[in-house]
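Down below is the structure, laid out as structure tokens.
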Amino acid sequence: MRQAARSSLSVRWKSLETTGLEHFSLSMHADRVLGTGVIIGERGGTPYGLYYRVVADLQWRTREVRVDLVDGMAIHVFADGQGRWTDADGNALSDLDGCIDVDIAATPFTNTLPLRRLGLKIGESAELTMAYVPMPTLRMAPDGQRYTRIADNRYLYESTDRSFCAELDVDTDGLVLDYPTLFKRIN
């Protein structure tokens, strides 16, 4: 997948699973990639509103994650890009050892991180352990996932426990256009 030609862009996704909407901005800087989003949604019958910020290095490895729910609950964690994570106070989050990427359940953006980082060729796949952030609890935990590139702008996503799979259509920047049953890009 080619490097984003624009220095910044904004998109919107709607939830297909429940009522929800996200406004997302991606900006490329000389030393980092920044993704930010504002989401209203619902998970398991519980509505939520949140703001998130993901900082990645230029190799698309997650380096910082902040998620703030409007009810006041928040997480702010850091990663070294090699699979070690700490909280905002510098305490090790050893349960996340080995995770390079974050997966925030409320947004399709975090699928872009491994897709861009891995640069898979058609027919190639990779199995990853993600630092998963569920809604609305924000209790981060490791989660096994597999991505297989099946066409120029199409990937097969599979949870390694085989509980979920979907074919993701992405644009040339690696941002999801269609994530069946979960998200659809609306601009």
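The values are calculated or read from the model by the stated rules, or taken from the named source; none is laboratory data. Given the structure is predicted, the values throughout are model-derived calculations rather than measurements. Virtual Cβ from ideal backbone geometry, glycine too; neighbours counted across all protein chains shown. Side chains are part of the model used for accessible areas, which takes the heavy atoms of the whole protein and leaves out ligands, DNA and RNA. Shrake-Rupley method; radii C 1.70, N 1.55, O 1.52, S 1.80 Å.
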Rounded to 0.05, the calculated FRET efficiency for the beta carbons of Leu16 and Glu124 at R₀ = 25 Å is 0.35
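As an exercise, take the mean of 1/r over every pair of distinct alpha carbons in the stretch 1-126, invert it, and state the Kirkwood radius in angstroms. Before the final figure, lay out the partial values.
Numbers: mean 1/r = 0.0643 Å⁻¹.
Hydrodynamic radius (Kirkwood, Cα only) of the stretch 1-126 equals 15.5 Å.
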In a shell of Cβ-Cβ distance under 12 Å around Ile122, excluding Ile122 itself, what net charge do Lys and Arg (+1) and Asp and Glu (-1) give? +1
Amide H contacts under 5 Å for Ile104, restricted to residues at least 5 apart in sequence or on another chain and with H modeled in the peptide plane, are Thr110, Val133
With Tyr48 itself left out, Lys, Arg at +1 and Asp, Glu at -1 over residues whose Cβ is under 13 Å from its Cβ give -3
Calculate the FRET efficiency for Ala166 and Arg139 from the Cβ-Cβ distance with a Förster distance of 25 Å, rounded to the nearest 0.05. 0.60
Residues whose placed amide H lies under 5 Å from that of Met130, excluding near-sequence neighbours: Asp143, Gly144, Gln145
Whenever you get a sec, compute what percent of the accessible area on the stretch 15-174 sits on carbon and sulfur atoms (1.4 Å probe). 48
How large is Rg/Rh for the stretch 60-137, to two decimals, with Cα atoms and a Kirkwood Rh? 0.99
Mean Cα-pair separation over length for the chain, i.e. relative contact order, pairs under 8 Å, 6 or more apart, %: 17
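Express in nm, to one decimal, how much length is gained between Asp152 and Arg53 on full extension, taking 0.36 nm for each residue of separation and deducting their alpha carbon distance.
Details: separation 99, 0.36 × 99 = 35.64 nm, distance 2.80 nm.
Extending this stretch completely gives an extra 32.8 nm.
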Helix-only CD estimate at 222 nm, as mean residue ellipticity for the chain, using -39500 (n - 2.57) per DSSP H run (n ≥ 4): -1500 deg cm²/dmol
Using a 1.4 Å probe, what is the accessible area per residue for the chain, in Å²? 47
Sites Asp71 and Leu177 - FRET efficiency at Förster radius 30 Å, r taken between beta-carbons, to 0.05: 0.45
